[in-house]
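Take a look at the structure set out below.
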Amino acid sequence: MTATLDSLRASYEAAGQGHVFDGFDALEDSARASFLAELAAIDLPLVERLALKVGRDAGSGAAPTLEPAEAWPHDADGNEAARAHGAELLAAGKVGFVLVAGGQGSRLGYDGPKGAYSIGPVTDRCLFDWHAARIQATGTRHGFAPVWYVMTSRANDAATRAFFAEHDRFGFAESDVVFFSQDMLPALDLGGRIVLSAPGEVFLAPNGHGGTLAALRTSGALDDMARRGIEQLSYFQVDNPLARPGDTLFLGAHASSGADMSSKVVPKRDAEEKVGVIGRVNGALGCIEYSDLSDELRYAKADDGRLLFNAGNIAVHALRRDFVERLTEGGDLDLPWHVAKKALTVMDASGATTKIDGVKFETFVFDALGKAERSVTMEVERAQEFSPVKNAEGSDSPDTCRADLDRIGREILGTSAPADGPVEVDPRAAETPDEFTSRTSTLTVLKSATGTTVTAPR
């Protein structure tokens, strides 16, 4: 331990972070070993570079030029060819499914991984189960065994793995569920110094959803994809059970266009909806934050009367595997780092807990759009594909999501839908009215006091 301690202390002192060893001698032996392991795992050169960003005026410089994104043309002939290409990719096992699931359910009053939160309008089906069902339905529809890559975080990795094991991996073979964990970075004070959350514990925070791409590299998941012949990644987030990861039109349009990275968007509810929009910033494709749009641009209308900046970002993407490999070549993520000022609860020099103003650092996956030589931006129906569970109540809450799942279930059943009570249709049974009609004889429709469920044999 002495050699490791001396080496690490020298490195941290050279980086201007030697204060992290204050109080080290007072720690128990096990805590010392754990702390040294934590310090050794930190990318100290990266922290040095990030520390230089603290205090910079992010608002300086000329205002950027903002333009709306070009939308995929909804041409019937082009769509038919794209769907066929997407179906071929899926049937050949060339699409891997990447779920971003590093969050906790604390905002929903749930103590555990967000993906374990129950969202079924009739049953206790959780978010993980909805995504599993949609992926498996895709596998059944196109005749292949899908591979599911689940990104966790330090906060929920063990609990997520245990939850999957408890639920028999929601029907997936053990070899076809690959867990990988998001990297963490130290939080800094406004002087650029690493802060501690407790004695012998660095205050670590997730490195943003852009870190998914870096974690695919460092975890070996990209290598696993290459061994399996997976060429395209279907990327989606755990809080949206309406996401359609096996959408043949989107995947086919993305691949047939030779795109590196593509995005699904939904029309904004109105000009005031606080959602980022896919567009161009100084000519480069990316996500324009709501606060970056002037009132003039926010309310601007296109010739068809719709909002000019209307492409609401729903965090559903398709990416080429080799594009992600290029972005993460050499172990460094080729995306900009964003500084987020936060109130942090930390340990001060005396060992007492206190609150300070500090910073966390994040990368955003949509910044990779600016690195793509080609990209497809496809508008989809919000009512069918976007109902996130973000808030405990109000909009984008469990209540609104359950209502949307019930509504979609009723649309699938059509005239077969019951007059009363909620409806829940397992995506493995059907995801469209036509699919339900063609498979009715093989499905189980169960009516109970809590509502109506439709399932398919597994």
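The values are calculated or read from the model by the stated rules, or taken from the named source; none is laboratory data. Worth saying up front: this structure is predicted, and the values here are computed from it rather than measured. Cβ sites come from the backbone with ideal geometry, for glycine too, and all protein chains shown count toward neighbours. Just so you know, the surface numbers come from the protein's heavy atoms only, side chains and all, with ligands and any DNA or RNA stripped out. Shrake-Rupley method; radii C 1.70, N 1.55, O 1.52, S 1.80 Å.
Tabulated results
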read-out	value
Condition met for residue 186 (surrounded by 21 or more Cβ atoms within 10 Å (Cβ to Cβ), within 29 Å of residue 12 (Cα to Cα) and modelled with pLDDT of 95 or more)	yes
Matching residues, region 15-50, being in a helix (DSSP H, G or I) and touching a helix residue (DSSP H, G or I) at 6+ places or on another chain (Cβ under 8 Å)	18, 20, 21, 24, 32, 35, 36, 39, 40, 44
Condition met for residue 191 (out of contact with any Ser or Thr (no Cβ under 9 Å at 6 or more places or on another chain), more than 24 Å from residue 358 (Cα to Cα) and loosely packed, with under 15 Cβ neighbours inside 10 Å)	no
Scope region 354-374; condition farther than 30 Å from residue 322 by Cβ, in contact (Cβ under 8 Å) with a residue 24 or more places away in the chain and open to solvent by 40 Å² or more (accessible area, probe 1.4 Å); matching residues	356, 357, 360
Positions within region 288-335 being open to solvent by less than 60 Å² (accessible area, probe 1.4 Å), in contact (Cβ under 8 Å) with a residue 12 or more places away in the chain and part of a loop (DSSP other than H, G, I, E, B), in sequence order	293, 302, 309, 310, 328, 333, 335
Candidate set from region 168-181 (those that are of a type in the set (Phe, Trp, Tyr) and buried (at least 18 other Cβ atoms within 10 Å of the Cβ)); member that is nearest to residue 450 (Cα to Cα)	170
Sole residue being at pLDDT 95 or above, in contact with a helix residue (DSSP H, G or I) (Cβ under 6 Å, 6 or more places away or on another chain) and within 20 Å of residue 319 (Cβ to Cβ), chosen from 163, 180	180
Residue list for region 390-427, filter: hydroxyl-bearing (Ser, Thr, Tyr) and within 21 Å of the chain's Cα centre (by Cα)	395, 397, 400
Residue 113 vs. criteria more than 22 Å from residue 234 (Cβ to Cβ) and not small (Gly, Ala, Ser)	no
Qualifying residue in region 390-404 (condition: open to solvent by less than 70 Å² (accessible area, probe 1.4 Å), touching an Asp or Glu at 6+ places or on another chain (Cβ under 7 Å) and either more than 30 Å from residue 142 (Cβ to Cβ) or modelled with pLDDT of 95 or more (or both))	no
Matching strands (runs of 3 or more DSSP E) fully within region 406-458 where at least 1 residues are open to solvent by less than 20 Å² (accessible area, probe 1.4 Å)	423-425, 451-455
Condition met for residue 348 (farther than 30 Å from residue 411 by Cβ, among the acidic types (Asp, Glu) and surrounded by 12 or more Cβ atoms within 10 Å (Cβ to Cβ))	yes
